[in-house]
Amino acid sequence: MLDIGLLVQSWGYPFVVIGTALQGDAALLICGFLAHQGHLNVYLVWMTGALSAAAGDIIYFYLGWRYGDKVLNKLPGMAKSSLSWARDVVNRHPRRVMIFMRYFFGVRMAMPIICGMSTIPFNRFLRYTIVTAAIWAGMFVWIGYLFGLAAKTFIGQVEKFEIIFTIVLALLGVVYGLIGKKVSRRYIPEERDPKD
């Protein structure tokens with residue numbers, strides 16, 4: 001039988017780092033739940049998630065600053081217009097974008113790149129990304145932790161169902177991301193056909 005405790009203790013923190021880069025919400029929810037079960041330290045999960053999210057944003061910001069315009073010029077029309085629109089939004093509302101960019105589904109990974117392409121100074125971006133990464137990571141870790149607490153309170157012997165709860169949390173994270181992507185598509189302008 002799979003010993004989830006041993007697996008998590010061996011690979012839990014690397015999972016937080018990799019998971020945060022890919023689909024951070026679900027990874028933090030799962031690790032928050034597993035921290036409640038005693039397999040991980042909740043504060044280390046929080047710090048690891050926040051630091052890896054901030055580090056990823058800093059790398060993406062640099063890529064946008066260094067290569068953004070070169071890439072933008074090579075994009076097809078629809079992608080170019082969407083990216084230009086996003087850059088205009090960032091230039092008009094830099095504070096709002098930096099505060100809420102972690103919640104822009106479908107373009108979350110692109111937002112730091114777009115910030116790098118904008119007029120936002122790096123030091124300002126750095127301050128915002130560190131604070132927002134800590135808040136974002138803490139929110140999802142503690143939601144997962146509270147889910148574990150609630151499951152234990154209402155179901156009792158949660159240890160028997162750890163794998164099922166972990167899968168349920170992963171699926172909830174994926175569904176959350178898919179719904180967010182669908183909702184965010186409403187706000188990205190579509191390219192119009194010149195014949196219209």
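Quick note: the coordinates plus some simple rules give every number you see, no bench work behind them. Everything quoted here is computed from the prediction, not taken from an experiment. Quick reminder, even Gly has a Cβ in these numbers, built from the backbone with ideal geometry, and neighbours come from all protein chains shown.
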Separation in nanometres of the label points that stand 7 Å from Cα toward Cβ, at residue 119 and residue 17: 3.8 nm
Note, ³J(HN,Hα) from phi for the range 61-66, Karplus 6.51, -1.76, 1.60, rounded to Hz, x at Gly and Pro: 4, 4, 4, x, 5, 7
